[in-house]
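Everything on this sheet refers to the single structure shown next.
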Amino acid sequence: MDRISLTLKVWRQKGPSEPGRLVSYELKDISTHMSFLEMLDVLNEQLIHKGEEPVEFDNDCREGICGMCSLVINGLPHGPQKSTATCQLHMRKFRDGETITIEPFRAKGFPIIKDLVVDRSAFDRIIQAGGYVSMNAGGAPDANNIPIAKEIADEAMDAAACIGCGACVAACPNASASLFTAAKISQLALLPQGHPERKRRARAMVAQMDAEGFGDCSNHAECEAVCPKNISILHIARMKREYLRTIFTA
Amino acid sequence: MSPFLSSLWSSVGKKAMMGLTGLLMIGFLVEHLIGNLLLVFAEPATFNRYAHALTSMGGVLIVAEWILIIILAAHVVSAISVSLGKMRARPEGYKKKASAGPPSRKSVSSMTMIYTGIVLFIFLILHLNTFKYGPNYTTEVDGVVMRDLYKLVYEVFAQPGYTVGYVVIMTLLGFHLRHGFWSAFQSLGLNHPNYYKTLNTLGIFVALLLAFGFIGIPIWIYLSS
Ligand code: HEM
Ligand code: SF4
Ligand code: FES
């Protein structure tokens, strides 16, 4: 079927401290070739025509690289399709007549701003705490100037694929930000440019993560399963090594 | 707080402590199981001699007991902190929540750690009360008067209530260790692509071994009495 009808249950909340609730909307004649966000655009056009407030949701690139889109769709951050950000999810993944529940990412560290939009600046502060190399690295070095084993380069690249969307936090039963923080620590710990500051970095980023009010990691690995970039919890194991090393070595 | 203590109490430090203490307790349980197998495979005198040897260690035993108590306390305190922390970290839950499926490791085991843990804690107190601080039967082995723990154990597990209780609680231990074992390595930063699968398989093995080991002994005694 190319066109489907849907019932949406969307979390509406006027402001950070207002009470929110799920509101039902009927949508007809939705093309299955639309992306999920385009479907929400259609909903918002209809709401605007009726003189109602459109549903606020975050998005930017709509091509799976910026990390702005979010949403918990039928209980899963970024929806039912594995390794896919919400903006790359298409309506062909849904059945005609289906009810779709859409909620914001929920965590103390991600306070709701309005409707489906949450404030993810806690992630920025974790990066600011140490997710960088403070020397001037100059332009891109010549290829193979600094020899790095292929497996190490691959692993660093896998970690660097994290787009900072926060789905890991949203999915975690503990609302832990370990996968994000680990990906950022890991990508630098693996490469020579990141070595000089690795201890300071691990301590500062973990301390910031804890200060933002995220939960502790219980190794449920829900994060890895919803991550649009398939970041592995093995990077969390590396973060723990990086951190524990700072306790037991000078 | 000193930097060392505050590191131990960070999200990473807490879980490393929990994992290390968990693994140490697993080590203790393996030793405990091997000792208990004497109840099944040896003469009463052999078991009593083993128990007597342990209780005759004096200062060493007291130090060992205190180490175990500290290990348990560190495990429980960090476990409670993690569990309370997760409630604070998501004040408002989802109306609709689904499980993501593989490669997620979320399971009945992983989601019930605090409950199986609390049951194990209560059990531990009752268990010590039943045996360590239980009735003091005596017997004579090779001219030495010692506690007849063998008799006590056989008496306790002749009662169906105790036997069933132990079977249930040791099943819960199995669940705790199903997630706990591999999770401890992950928390200590010892997980690695090369060991991930093996640790998981080993975790199932350890959970089954300890659960069925400690289930088998009371059942064996119940059936043979
Ligand atoms: C006596 C009361 C106990 C309580 C309250 C308790 C509680 C917990 C909890 C809540 C966790 C999960 C932590 C998390 O969320 O990540 C845990 C993990 C664990 N527990 Fe226990 N537990 C108890 C006893 C035991 C015993 C007797 C053993 C071993 C024989 C054990 C072995 C483990 C292991 C290996 C872990 C994994 C640690 C990690 O993930 O880093 N626990 N325990
Ligand atoms: S680890 Fe994955 S889920 Fe978490 S922020 Fe990065 S890309 Fe998003
Ligand atoms: S909108 Fe950029 S990743 Fe989805």
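The values are calculated or read from the model by the stated rules, or taken from the named source; none is laboratory data. Keep in mind that this is a model prediction, so the values were computed, not measured. Don't worry about glycine lacking a Cβ; one is built from the backbone with ideal geometry, like all the others, and counts go over all protein chains shown. With ligands, DNA and RNA removed, areas are computed over all heavy atoms of the protein, side chains included. Shrake-Rupley method; radii C 1.70, N 1.55, O 1.52, S 1.80 Å.
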Count of the stretch B:176-194 residues which are in a helix (DSSP H, G or I) and away from ligand 1 (no atom under 11 Å from the Cβ) | 0
Scope the stretch A:42-72; condition more than 16 Å from ligand 3 (Cβ to nearest atom), β-branched (Val, Ile, Thr) and open to solvent by less than 40 Å² (accessible area, probe 1.4 Å); matching residues | A:42
Report whether or not residue A:177 is at pLDDT 95 or above, facing another protein chain (nearest Cβ under 10 Å) and open to solvent by 10 Å² or more (accessible area, probe 1.4 Å).
-> no
Select from the stretch B:9-52 the residues that are under 12 Å from residue B:188 (Cα atoms) and hydrophobic (A, V, I, L, M, F, W, C) and write down the one among them that is nearest to the chain's Cα centre (by Cα).
-> B:23
Would it be correct to say that residue B:74 is part of a helix (DSSP H, G or I), more than 16 Å from ligand 3 (Cβ to nearest atom), aliphatic (A, V, I, L, M) and buried (at least 17 other Cβ atoms within 10 Å of the Cβ)?
-> yes
Any chance residue A:229 is at pLDDT 95 or above, within 16 Å of residue A:186 (Cα to Cα) and either within 16 Å of ligand 3 (Cβ to nearest atom) or open to solvent by 10 Å² or more (accessible area, probe 1.4 Å) (or both) = yes
From the list B:138, B:130, B:112, B:116, which one is open to solvent by 80 Å² or more (accessible area, probe 1.4 Å), more than 16 Å from ligand 2 (Cβ to nearest atom) and out of contact with any Pro (no Cβ under 9 Å at 6 or more places or on another chain)?
-> B:138
Among the residues of the stretch A:92-107, is any within 14 Å of the chain's Cα centre (by Cα), of a type outside the set (Phe, Trp, Tyr) and within 16 Å of ligand 3 (Cβ to nearest atom)?
-> yes
From the list A:170, A:156, which one is touching a helix residue (DSSP H, G or I) at 6+ places or on another chain (Cβ under 8 Å) and within 13 Å of ligand 2 (Cβ to nearest atom)?
-> A:170
Which listed residue is in contact (Cβ under 8 Å) with a residue 40 or more places away in the chain and surrounded by fewer than 20 Cβ atoms within 10 Å (Cβ to Cβ), from B:166, B:150, B:154, B:196 | B:154
Any residue in the stretch A:217-235 that's facing chain B (nearest Cβ under 7 Å) and at negative phi: show its pairings with residues that are part of a helix (DSSP H, G or I) and crowded, with 24+ Cβ neighbours inside 10 Å at Cβ separation under 6 Å, as long as the two are six or more apart or on different chains.
-> A:217/A:178; A:222/A:171; A:226/A:167; A:226/A:171
Looking only at the stretch B:103-130, and only at residues there that are more than 7 Å from chain A (Cβ to nearest Cβ) and assigned to a loop (DSSP other than H, G, I, E, B), the one that is farthest from ligand 1 (Cβ to nearest atom) = B:107
Residue list for the stretch A:197-215, filter: surrounded by fewer than 24 Cβ atoms within 10 Å (Cβ to Cβ), at the interface with chain B (Cβ under 7 Å from one of its Cβ atoms) and either without any contact (Cβ under 8 Å) to a residue 60 or more places away in the chain or of a type in the set (Ser, Thr, Tyr) (or both) = A:210
Return yes or no: is residue A:15 within 16 Å of ligand 2 (Cβ to nearest atom), outside the structural domain of residue A:162 (by TED's automatic domain parsing) and open to solvent by less than 40 Å² (accessible area, probe 1.4 Å)?
-> no
